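Inspection log for the structure reproduced underneath, given as structure tokens.
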Amino acid sequence: MSSTLSSSQVTVLAPATVANVVCGFDVLGFALHEPCDTMRMRLSDKPGVTIINKDDYNLPTEAERNVAGGALLALLRDATDVVGFEVEITKAIMPGSGIGSSAASAAGAVVGANHLLSNRYSPAELVRFAMFGEEVASGVQHADNIAPCIYGGVTLIRSTQPLDIVPLAAPPLWVTVVHPQIEVRTSDARDILKKQVLLKDAIRQWGNVGGLVAGLLKNDYALIGRSLEDVIIEPVRSILIPGFADVKLEARRAGALGGGISGSGPSIFMLSQDEDTARQVEAGMSETYTRLGIDFHTYVTTINSEGVRVVTE
């Protein structure tokens, strides 16, 4: 491990992510080009982690209660030659949106810190640190948002103990996301899940996960579409999201390959082969939530192959 430290400030853009990817609960995820959080970081002579919020979300500034703080404290336990970090966070990814708000904070923090430490840590090590931030948010150290945020693209988390991350190639895909302006807490969305599943449902789910991975690797859009089915998690969590069934139906009619709940919700994502289809999907999403009288935001974007990006020093 190098002991070289940088005295510069670093600015990073930490992207939103889609986790689970319908059938891949806690094991599949991909990064988006937008939205992104902005984080400015520097080394500090003050022990621990100093957090400065530059947005209106009023998130905790105590390091132990903040996801970026939790991730950086884990890194500091290893980087014993470092006194502390100061981080300014401007969030564009709304907490509780289901598109990896906590992962962006945790992943952006450790990537920025690593840059200040002359990149002494590997991506896998950074994921491990950032998972402590996810634990602050949900009580569970999961990596399906963290891994694509750090690695970019689509990732498979084959295992968390030991950590085994597999970056996956994928064909060009457009992503349409609608975020209805309601909050679904990750911890609450986990609490309602069934603790046991039927063997026939597990077998179907395994087939879909395998089919989705194969479809991505083979550039087989039809196989991707057939595999975007969740028989275990979605039937339970979708009851928390008004308009979910209508959005899925209209997206399919518009030509989307398929999609579902992003993370724990309430955001919904749909994959399409081209931008025109993705825009038609967006129109259907907008019509649904306008009719329901629920405020919403939409994003039409693509998969981000880079992940967290260092933009200035």
Two-site FRET efficiency, S305 against R77, from Cβ-Cβ distance with R₀ of 25 Å, rounded to 0.05: 0.20
By average C-beta atoms within 10 angstrom, highest first, the peptides 88-98, 128-138: 128-138, 88-98
Inter-site label distance for Q196 and A283 at 7 Å from Cα along Cβ, in nm: 4.9
Residue-by-residue Karplus 3J(HN,Hα) for the range 74-85, coefficients 6.51, -1.76, 1.60, Hz, glycine and proline x: 5, 5, 5, 5, 8, 7, 6, 8, 10, 7, x, 10
Rounded tilt (10° steps) of 101-116 against the dominant C-alpha axis of the chain: 40
L156 long-range amide H proximity, modeled H, under 5 Å: V166, L168
Using distinct alpha-carbon pairs, which all enter the 1/r mean, Kirkwood radius of the range 1-112 in Å: 14.6
Largest to smallest principal axis extent of the C-alpha atoms in the range 82-217, angstrom: 53, 34, 32
In sequence order, calculated HN-Hα J values of the range 202-214 (Karplus, 6.51, -1.76, 1.60; Hz; x Gly/Pro): 4, 4, 5, 5, 4, x, 5, 4, x, x, 5, 4, 4
Whether the range 163-222 is rounded, prolate or oblate, judged on the alpha carbon gyration tensor where a/c under 1.5 counts as rounded: oblate
Rounded to 10°, Cα long-axis angle of helix 123-138 versus longest principal axis of the chain: 70
Which labelled figure in (1) 19.0, 58; (2) 23.4, 81; (3) 22.7, 94 is Rg and Dmax of the Cα atoms in Å, once derived from the coordinates: (1)
Å² per residue, accessible surface of the chain at 1.4 Å: 42
Total lysine pairs whose alpha carbons fall under 27 Å of each other in the chain (8 or more apart, or interchain): 8
Karplus-derived HN-Hα couplings along the range 252-268 (A = 6.51, B = -1.76, C = 1.60, θ = phi - 60°), whole Hz, x at Gly and Pro: 4, 4, 6, x, 5, 5, x, x, x, 6, 8, x, 9, x, x, 5, 10
Cα radius of gyration and Dmax for the range 217-313 (Å): 14.7, 47
At q = 0.13, 0.19, 0.21 Å⁻¹, base-10 log of I(q)/I(0) for the range 148-288 (Debye sum, equal scatterers on each alpha carbon): -0.62, -1.34, -1.51
Apportionment of accessible area to carbon and sulfur, the range 1-100, percent (1.4 Å): 48
Rounded Å value of the spacing that divides the Cα centres of the range 175-214 and the range 30-46: 28
Accessible carbon and sulfur surface of the range 227-313 relative to its total accessible area, %, 1.4 Å: 46
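The values are calculated or read from the model by the stated rules, or taken from the named source; none is laboratory data. Predicted, not measured: the structure shown is a model, and the values here were computed from it. Glycine gets a Cβ as well: all are built from the backbone with ideal geometry, and neighbour counts include every protein chain shown. These accessible areas exclude ligands, DNA and RNA; they are computed on the full protein's heavy atoms, side chains included. Shrake-Rupley method; radii C 1.70, N 1.55, O 1.52, S 1.80 Å.
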